[in-house]
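Structure record follows, encoded as structure tokens.
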Number of protein chains: 2
Amino acid sequence: MTDVDCCVIGGGFAGLTAALRLEQAGRSVALLEARDRLGGRTFTEVRTDGCWIDRGGAWIGPGQDRIRALMAEFGVGSYRQYTDGEAMMVVDGEQYRYTGTIPWTMSPWAAINLGAGFAELAYLCKSIPLEAPWDARKAEKWDRITVAQWLTRIRSKTAHDLLETAIAGSYTSAASEVSMLFALYQMASGGGPNFMFSVRGGAQDSRPVGGMGAIYGAMADQVGDSIHLSHPVHGIEQDESGVTVHAGASTLRAPRAIVAVPLAVAGQIRYEPMLPVDRSLLHQRVPSGSIIKTSVVYDEPFWRYDGLSGQSAAPGSPATVTIDACTDTARPGVLCVITEGPTARRIGRLDATERRTAIVRELVARFGNRAGSPVDYVEQDWSAERYSGGGMLSHLPTGVLTGFGRALREPCGRIHWAGTESSAVMCGWVDGAVRSGERAASEVLRHELAAV
Amino acid sequence: MTDVDCCVIGGGFAGLTAALRLEQAGRSVALLEARDRLGGRTFTEVRTDGCWIDRGGAWIGPGQDRIRALMAEFGVGSYRQYTDGEAMMVVDGEQYRYTGTIPWTMSPWAAINLGAGFAELAYLCKSIPLEAPWDARKAEKWDRITVAQWLTRIRSKTAHDLLETAIAGSYTSAASEVSMLFALYQMASGGGPNFMFSVRGGAQDSRPVGGMGAIYGAMADQVGDSIHLSHPVHGIEQDESGVTVHAGASTLRAPRAIVAVPLAVAGQIRYEPMLPVDRSLLHQRVPSGSIIKTSVVYDEPFWRYDGLSGQSAAPGSPATVTIDACTDTARPGVLCVITEGPTARRIGRLDATERRTAIVRELVARFGNRAGSPVDYVEQDWSAERYSGGGMLSHLPTGVLTGFGRALREPCGRIHWAGTESSAVMCGWVDGAVRSGERAASEVLRHELAAV
């Protein structure tokens, strides 16, 4: 490969955005992607009937201005997530239909507890300075407590289990694994728990027409020949004048590199010389979670005719969360089933047929017999994605944000860091990935100026 | 390299023991070690005057029968850690001399708090079944709490800080990073907190004559030509008949492999096919800590003449803990300074001269002016050891032991796991490493029998 101005490692939204912005600034780029596809933790499959399925990250919401800017740039439209009709909550085998965010119909006691929990989260989020969450007034206190420990204050068992499902589900790991400070920071980076957990007006508000692939595909078309698929990077050497990047038998030389892969995956690259201790140890401390995203395709979205939105939640069930995942034409009917954390690992051990049987059984119980006859069934287990290291969002365990947080985006010599986990705004969302790519690109450009 | 019966990856105590036991059972072995030395997280330097310095793990204690068995096998003797005279505690700039484990002279209130803390730890440790700590009656409760959170019950600030230094120091990471269940399990695996923190009769009771290197050197002599230094393994492929191990340009074929490296380092190897999800994700969840071990050499152990044992503790100081590290001849005088966790990372950022100045200043304050004129100064920063991934003991964050603990020693097809963190007895000590190597070797032999 020929020398370039910057080598970008990772072809998800962070890396593609960095490459795009650098090329738009007139720089030459090589983007090395380990897989044979782009998109990273997003992955859009377009079927022969034109229907698209987002097998990974799928939504955009208000305030996510940088992904919106990309969509405007490439003429990708959006449509609202379907929310008409009632959502469903399943607790102890009982189904409760409701509208809005809080399932009041279930039990006033549970609903009050749930509301109080959300309110406290919203209040606490306000105390977190996004650029430096380790400086929050009670940073130490919240960073020695897990989300599971915080949840013990919720007295109603039903509310506790629902909140646990909601929060831990967001991090795709058990609530006992996640630092409360990190959870507060991550929620705050999107504007708070209302944004995070809401569909309408929240993080699940809309979807791009054509799926996420319409956006990353358009970026890829523009970045074009600079992209090298199936090039897993295994080593990065730095010296006084630049970096040498090793990917299999290929070698690339550039003044600077942007590493735009999840932290657990960045830790598998060999850096020479070794990275500063804080960054080295950070790579051991930001695990990925587990998520199985199953798209169940029907002729039509029959649940809509029964007054259901398709949204359901059932803590502990193999089909923990469901949501309507139709395209903007609403044909065919696509129901997305999301299974996260320990439950994902549990059903991941079943064979594919058993898993499908378990999930379809749940869908029939919730949406009736028509749910039993899908025309297609697409399963994506992100734990088995070597180059995501798991899915979706990485989480920080206790003590890591206060102890190592400063290393999340601090460049190490000629190596710059991108990826949604390095973004202070919309950390964990696709929009955060875009922001991180733009920040890393501007860091590289700023260093060029300083060098002149 | 020629085919062997078993490929062992890692030349610390776990890997060397596995290789030794397999060869003693008549099997052919290749041991691949990434570094140009053996010993792993132990590392004995023998000086020209015959004095040895243990730059890593150094002690043995009662109950550590498997390392004792190795010593008997190779005729390595032991001598007691020097404990005559008084120990010293430094709190808020004040020095307190004391004897025994609890510094009663300091403040009765602090001492009572400290004693009560130890007593509770001892009580809790009894509830942990070593072979399956995830089955402890309150496993979930303790695994959602950090050591830092548990410590908030200690009312005396002095006692709190000392206990924090003692416990977090043991895991070489901040107390906020460590799961309380893991800490209880790890202490219980040695017999409880009294064993862990005691010198006489505890984990710091004795040292091998010649240092740890006398043991691993003797093992290496016997394993001999099977050892290949400077062979970092980057890939392990499994198929129906065996494993193919890749180390640089070398390739080795064997029916089975034993991976005997710290978990964070095991995660940097590429496994084909991917490991089961629980093991893959475990590799992202067991970080190493930070420790700088400094051996300060004097003509003679002058502190002994002042009635001091050389043992001191000063929470937050660059010289957090000191201990007499003389050989059995007591000449020259060696004082070992141990700095761990956040403090180690803080002083690790200083340049070497600043760090030495800071440490020697502390020694002078504690042991007098003679401490200011060392004849030699040997520093070992384990955070910079690429193939330890940090030091010394890895810790499990919250939620990991209950969620992923079963994967710690469960073989993955033809790959077996060793390393002290995989041992249910003496987990975290050199003796645990020896036990894990013997267990892994016997797993391999048992599979051979099953295959006949």
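What's the carbon and sulfur percent of the range A:138-212's accessible surface, probe 1.4 angstrom, rounded to a whole number?
Carbon plus sulfur share of accessible area: 43 percent.
Averaged over the residues of peptide B:140-151, the number of Cβ atoms from other protein chains lying within 10 Å of each residue's Cβ is 5.
Give me a single rounded figure for A:437-450: the average over its residues of other chain Cβ atoms within 10 Å of their Cβ. Write out the running numbers ahead of the final one.
Working: counts 0, 0, 0, 0, 0, 0, 0, 0, 0, 0, 0, 0, 0, 0.
If you average over the peptide's residues, the count of other-chain Cβ atoms is 0.
Quick one: net charge around A:His395, please, counting Lys, Arg +1 and Asp, Glu -1 for every other residue with C-beta under 12 Å from its C-beta.
Working: positive: A:Arg285, B:Arg285; negative: A:Glu177, A:Glu340, A:Glu421.
Computed value for this residue: -1.
Over the range B:325-395, with every protein chain in place, what whole percent of the accessible area is carbon and sulfur at 1.4 Å, could you tell me?
On the way: 1340 of 2800 Å².
C and S atoms contribute 48 percent here.
Residues whose amide H comes within less than 5 Å of that of A:His234, counting only those at least five positions distant or on another chain, are A:His246, A:Ala247, A:Gly248 (H built at 1.01 Å from N in the peptide plane). Looking at this model, which pairs from A:Lys126/B:Lys293; A:Lys138/B:Lys126; A:Lys141/B:Lys138; A:Lys157/A:Lys293; A:Lys141/B:Lys126; B:Lys126/B:Lys157 are more than 31 angstrom apart at the alpha-carbon? In this structure, A:Lys126/B:Lys293; A:Lys138/B:Lys126 exceed 31 Å between Cα atoms. Here the Karplus curve 6.51 cos²θ - 1.76 cosθ + 1.60, taken at θ = phi - 60°, turns the phi angles of the range A:6-18 into couplings of 8, 9, 10, 10, x, x, x, 4, 5, x, 4, 5, 4 Hz, with x standing for Gly and Pro. Given R₀ = 22 Å, FRET efficiency for B:Gln95-B:Ser373 by Cβ-Cβ distance, to 0.05? Once the sixth-power term is evaluated, E becomes 0.60. 3J(HN,Hα) along the range B:136-144: 4, 4, 10, 3, 4, 4, 6, 7, 9 Hz, from the Karplus curve 6.51 cos²θ - 1.76 cosθ + 1.60 with θ = phi - 60°, whole Hz, x for Gly and Pro.
Among A:Ala18, A:Ala58, A:Leu70, flag the residue with its Cα farthest along the positive direction of the charge dipole of the range A:1-96, charges on Cβ as +1 for Lys/Arg and -1 for Asp/Glu. Final value for the positive-end residue is A:Ala18.
Sorted by accessible area (1.4 Å probe), largest first, how do B:Asp36, B:Asp324 line up?
Working: B:Asp36 120, B:Asp324 5 Å².
Heavy-atom accessible area, descending, gives B:Asp36, B:Asp324.
Label zone (B:Thr105, point 7 Å along Cα-to-C-beta; backbone nitrogen cut-off 17 Å) within the range B:333-371: B:365-368.
Within the shell defined by Cβ-Cβ distances under 14 Å, the residues around B:Val444 carry a net charge of +2, with Lys and Arg each +1 and Asp and Glu each -1. Legend: mean number of C-beta atoms from other chains within 10 angstrom of residue C-beta atoms, peptide A:392-404, equals 5.
Taken about its Cα centre, chain A carries a charge dipole of roughly 860 debye when the Cβ of each Lys and Arg holds +1 and the Cβ of each Asp and Glu holds -1. Of the chymotrypsin sites (Phe, Trp or Tyr not before Pro) in the range B:42-141, not one is in a loop by DSSP (not H, G, I, E or B) with at most 14 other beta carbons within 10 Å.
Classify the range A:192-235 as rounded, prolate or oblate, taking a ≥ b ≥ c as the square roots of the eigenvalues of its Cα gyration tensor: rounded when a/c is under 1.5, otherwise prolate if a/b is larger than b/c and oblate if not. Oblate. For the pair the range A:106-151 / the range B:159-180, the C-alpha centres are spaced 25 Å from each other.
To the nearest 20 debye, what charge dipole does the range A:1-52 have about its Cα centre, counting +1 at the Cβ of each Lys and Arg and -1 at the Cβ of each Asp and Glu? Show your work: numbers first, answer last.
Values: 6 positive and 7 negative charges, 33 e Å.
Roughly 160 debye, rounded to the nearest 20.
The C-alpha atoms of the protein assembly as shown occupy a region whose extents along the principal axes are 88, 70, 61 Å, arranged from largest to smallest. Work from the charge dipole of the protein assembly as shown (Cβ charges, +1 for Lys and Arg, -1 for Asp and Glu, about the Cα centre) and give the residue of A:Gln204, A:Trp429, B:Ser156 farthest towards its positive end. Of the listed residues, the answer is B:Ser156. Rounded to whole numbers, the Karplus 3J(HN,Hα) couplings from phi for the range A:71-87 are 5, 5, 4, 9, x, 9, x, 9, 9, 6, 4, 5, 9, 4, x, 9, 8 Hz, using 6.51 cos²θ - 1.76 cosθ + 1.60 with θ = phi - 60°, and x at Gly and Pro.
At q = 0.13, 0.14, 0.17, 0.22 Å⁻¹, what log₁₀ I(q)/I(0) does a Debye calculation on the Cα points of the range A:317-452 give, no solvent, two decimals? Those come out to -0.77, -0.83, -1.01, -1.32, one per q.
What is the projected area of the convex hull of the Cα atoms of the range A:214-264, averaged over all directions, in nm²?
Numbers: hull surface 18.7 nm².
Computing the convex hull of the Cα atoms and averaging its projections yields 4.7 nm².
Per 10 Å bin, what is the whole-percent P(r) computed from every C-alpha pair distance within the range A:1-110? P(r) for the range A:1-110, in whole percents per bin: 11, 27, 26, 19, 11, 5, 1. Taking A:Arg256, A:Arg285 and ordering them by how much accessible surface each has at a 1.4 Å probe, largest first, produces A:Arg256, A:Arg285.
Between the C-alpha center of the range B:201-261 and that of the range A:201-236 there is a gap of 42 Å. Stokes-Einstein diffusion for the range B:255-363, with the hydrodynamic radius set to the Kirkwood value over Cα pairs and evaluated at 25 °C in a medium of 0.890 mPa s, equals 146 µm²/s. Shown for the range A:1-101: the carbon plus sulfur share of the solvent-accessible area, taken with all protein chains present and a 1.4 angstrom probe, equals 45%. For the range A:63-209, rounded, prolate or oblate, judged on the Cα gyration tensor with a ≥ b ≥ c (square roots of eigenvalues), a/c < 1.5 rounded, else prolate if a/b > b/c? Note, shape of the range A:63-209 comes out oblate. How many nm is it between the label spots at B:Ala72 and B:Glu448, if each spot is 7 Å from the Cα in line with the beta carbon? My value for the distance between the label points is 2.5 nm.
Comparing B:Leu38, B:Leu281, A:Gly341 along the charge dipole axis of the protein assembly as shown, the residue lying farthest to the positive side is A:Gly341, per the Cβ-charge model. Above 42 Å, the calculated P(r) of chain B contains 13 percent of its Cα-Cα pairs.
With Cβ to Cβ distances under 13 Å as the rule, what net charge do the other residues near B:Arg80 carry (K, R +1; D, E -1)?
Details: positive: B:Arg200, B:Arg207; negative: B:Asp84, B:Asp205, B:Asp324, B:Asp328.
Once all neighbours under 13 Å are counted, the net charge is -2.
Cα centroid separation, the range B:334-391 to the range B:1-69: 26 Å. Only the Cβ atoms of Lys and Arg (+1) and of Asp and Glu (-1) were treated as charged; on that basis the dipole of the protein assembly as shown about its Cα centre amounts to roughly 1560 debye.
Close amide H partners of B:Arg256, meaning residues 5 or more places away or on another chain with modelled amide H under 5 Å apart, are B:Cys7, B:Val243.
Tell me the relative contact order for chain B as a rounded percent, counting alpha carbon contacts under 8 Å between residues six or more apart.
On the way: 981 pairs, mean separation 111.9, N = 452.
The normalised contact order for chain B reaches 25 percent.
Nearest to the axis that brings chain B onto chain A is this chain B residue, judged by its Cβ, with the distance in whole Å: B:Pro397, 2. Accessible surface buried by the B/A pair amounts to about 3300 Å², both sides summed, 1.4 Å probe. Heavy-atom accessible surface of the protein assembly as shown, averaged per residue, reaches 36 Å², computed with a 1.4 Å probe.
The values are calculated or read from the model by the stated rules, or taken from the named source; none is laboratory data. Not measured: the values here are computed from a predicted model. Backbone-built Cβ (ideal geometry, glycine too); neighbour counts: all protein chains shown. Surface areas here come from the heavy atoms of the whole protein model, side chains and all, with no ligands, DNA or RNA. Shrake-Rupley method; radii C 1.70, N 1.55, O 1.52, S 1.80 Å.
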